[in-house]
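Heads up, the thing below is written out as structure tokens.
The values are calculated or read from the model by the stated rules, or taken from the named source; none is laboratory data. Since this is a predicted model, take the numbers as computed values, not measurements. All Cβ positions, even for glycine, are placed from backbone atoms using ideal geometry, and neighbour counts span all protein chains on display.
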Amino acid sequence: MNDRPDTAFLGKDSKLPASPEQAKLDYVPNPRPDTLYLTRFAAPEFTSLCPVTGQPDFAHLVIDYAPGKTIVESKSLKLFLASFRSHAAFHEDCTVGIGKRLFDEMKPKWLRIGGYWYPRGGIPIDVFWQSGEPPAGLWLPDQSVAPYRGRG
């Protein structure tokens, strides 16, 4: 008997999508739909391209969400995030776009994303988005990413 959900990527050879628009995110049934809980994904080596210079930009992304009826399948999320490696967009567009796409498609009870971008031109840019007020009673841990302090 196979209890694994039908997904496009899980347990299969998968190519890196050419762009975030071409990336498919898989969602599977929430195993605890009657329970309020928080799921966290951290992507400490997120990469995209500067839309002006074409140089790489790096960020530590933290995605927290309270699942509704579905959860995002982690391999599809990894492929989606990796598709930004050749995508040119400002930090704000990448961070908010990822959060909104997950929220619009997965329909969680609540979602927030923190984009902690490494400095370019001497200025780190941190970008935050959330879908609204968190549900009452949801435990919200700190995102645990230290502010940029430079060397020393």
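Residues of the range 108-125 that are over 16 Å from ALA89 (Cβ atoms) and either acidic (Asp, Glu) or assigned to a strand (DSSP E or B) (or both): TRP110, LEU111, ARG112, GLY114, TYR116, ILE123.
Within the range 30-88, being among the small types (Gly, Ala, Ser), closer than 19 Å to GLY99 by Cβ and not in a strand (DSSP E or B) holds for GLY68, SER74, SER76, ALA82, SER83.
Okay, residues lined up against (1) exposed (fewer than 15 other Cβ atoms within 10 Å of the Cβ); (2) more than 15 Å from ILE125 (Cβ to Cβ); (3) of a type in the set (A, V, I, L, M):
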{"site": "CYS50", "(1), (2), (3)": "no, no, no"}
{"site": "PRO56", "(1), (2), (3)": "yes, no, no"}
{"site": "PRO67", "(1), (2), (3)": "no, yes, no"}
{"site": "VAL72", "(1), (2), (3)": "no, yes, yes"}
{"site": "HIS91", "(1), (2), (3)": "no, no, no"}
{"site": "CYS94", "(1), (2), (3)": "no, no, no"}
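Picking from residues in the range 114-135 that are more than 17 Å from TYR65 (Cα to Cα) and aliphatic (A, V, I, L, M), the one that is surrounded by the fewest Cβ atoms within 10 Å (Cβ to Cβ) is ILE123.
Residue selection: SER19 fails the criterion of being touching a residue at least 12 places away in the same chain (Cβ under 8 Å), under 22 Å from TRP139 (Cβ atoms) and of a type in the set (Ser, Thr, Tyr).
Working only within the range 56-88, note down all residues that are among the charged types (D, E, K, R) and in contact with a Cys (Cβ under 8 Å, 6 or more places away or on another chain).
Filtering the range 56-88 for residues among the charged types (D, E, K, R) gives 57, 64, 69, 73, 75, 78, 85.
ASP57, the sole residue that qualifies.
Answer yes or no: is there a residue in the range 31-43 that is surrounded by 18 or more Cβ atoms within 10 Å (Cβ to Cβ), modelled with pLDDT of 95 or more and more than 21 Å from GLY137 (Cβ to Cβ). Yes: the range 31-43 contains one or more residues that are surrounded by 18 or more Cβ atoms within 10 Å (Cβ to Cβ), modelled with pLDDT of 95 or more and more than 21 Å from GLY137 (Cβ to Cβ). Annotation note: of LEU138, LEU79, the sole residue that is buried (at least 19 other Cβ atoms within 10 Å of the Cβ) and either farther than 22 Å from SER19 by Cα or aliphatic (A, V, I, L, M) (or both) is LEU79. Here the range 6-29 is the region considered, the condition is being over 18 Å from GLY99 (Cα atoms) and among the basic types (Lys, Arg), and the residue that is modelled with the highest pLDDT is LYS15.
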